[in-house]
Amino acid sequence: MKVRKAVIPAAGLGTRMLPATKTVPKEMLPMVDKPVIQYIIEEAVASGIEDILIVTNRAKSAMDDYFDYYPELETRLNQAGKDKELFEVRRAADLANIFYVRQKETRGLGHAISRARRFVGDEPFAVLLGDDIMRAEKPVTLQLVEAAEKYGASAVGVQKVSTEAISRYSSVKVSPLEERIFSVSDMNEKPSPEQIFSNYAILGRYVLTPGIFEILEHMRPGYGGEIQLTDGLRELSQHSRMVAVDFEGRRYDTGNLNGFLEATIDFALDHPASGPWLRKFIQQKAKEL
């Protein structure tokens, strides 16, 4: 079981980040010196992924343009001797084999994933949600890939959240297999207090077997009247093996303003070009408050 492909659903309307996302895809908002989606693609590549499919909509052609060559800009940078900038522009275009397909209707995450069926074929594949940035020594997707390959199973990335917060996520019913890895037998989307299986919530990373596509094709709309990926995963877990990986690392939800700012500040503090200045700026601001 070798995971070589990844799917990034990026067809959402970005309503939590309006008005900025009215004309700019939320995945293209700059986080320090790169758009959000580049961090996600870099995680996939660092996890051994070779081919990536981005599920978009008709308003997100900017992503296609960004991960392409730009001869006029590259010529200008070369003539100006801006070698560092030229390298970064070309590197973004050469990160991976990137493909695109449109989700022509807004029908939920499960429907978006189903659009990848021809791209995936009969192989296992990773899913990286376009809002979720992961900061970890070992890429979170790689942590899931290793567990999926070891157990010959699908894998979901989880972490414990508070009882108050679990109602915003998918709660997973688990039993331990080894340190930080669990067997999954059930789950539900945005559970009420009496429906909570555990405080382990699925957070933005998956490795799935192709059997999910047949399930999603016949799935009825669920929560919010949409085709929910969680409903498909629940059925998949009852027909084939699935593990949950309590991944090591921090997850940022860049689809909302607070999460986006948290990620921007943390990554900017670690960036050699901005870190020293920002640290001093924050210390000075703290004195003024």
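For the stretch 239-248, the Karplus equation 6.51 cos²θ - 1.76 cosθ + 1.60, evaluated at θ = phi - 60°, returns couplings of 10, 8, 6, 9, 10, 10, 10, 6, 6, 8 Hz by residue, with Gly and Pro reported as x. Between THR23 and LYS280, the FRET efficiency from the beta-carbon distance, with R0 = 41 Å, is close to 0.75. Note on the stretch 1-116: Cα-Cα pairs beyond 23 Å make up 35% of the total pair count. If you wrap the chain in the convex hull of its Cα atoms and look at it from every side, the mean projected area works out to 17.2 nm².
Since only VAL120, GLY108, GLN159 are under comparison, the one whose Cα sits farthest along the positive direction of the charge dipole of the stretch 37-169, derived from C-beta charges on Lys, Arg, Asp and Glu, is GLY108. The trypsin sites (Lys or Arg not before Pro) of the stretch 47-78 meeting both criteria, a DSSP state outside H, G, I, E and B (loop) and at most 11 other C-beta atoms within 10 angstrom of the site's C-beta, are ARG58.
Summing Lys and Arg as +1 and Asp and Glu as -1 over all other residues whose Cβ lies under 14 Å from the Cβ of ASP83 gives a net charge of +2. Pairs of lysine residues in the stretch 14-106 that meet both criteria, 8 or more places apart or on different chains and Cα atoms under 30 Å apart, total 15. The charge dipole of the stretch 1-143, taken about the Cα centre with unit charges on the Cβ atoms of Lys, Arg (+1) and Asp, Glu (-1), comes to about 560 debye, rounded to the nearest 20. For the stretch 109-165, taking the reciprocal of the average inverse distance between every pair of different Cα atoms yields a Kirkwood hydrodynamic radius of 13.5 Å. Taken over the alpha carbons of the stretch 162-240 as equal point scatterers, the Debye sum produces base-10 log I(q)/I(0) values at 0.12, 0.17 Å⁻¹ of -0.34, -0.69.
Placing unit charges on the Cβ atoms only, positive for Lys and Arg and negative for Asp and Glu, gives the chain a dipole magnitude near 480 debye about its Cα centre.
No value in this document is a laboratory result; all are computed from the given coordinates. Source: prediction; values computed, not measured. Methodologically, a virtual Cβ is constructed for each residue, glycine included, from the backbone with ideal geometry; neighbour enumeration extends over all protein chains shown.
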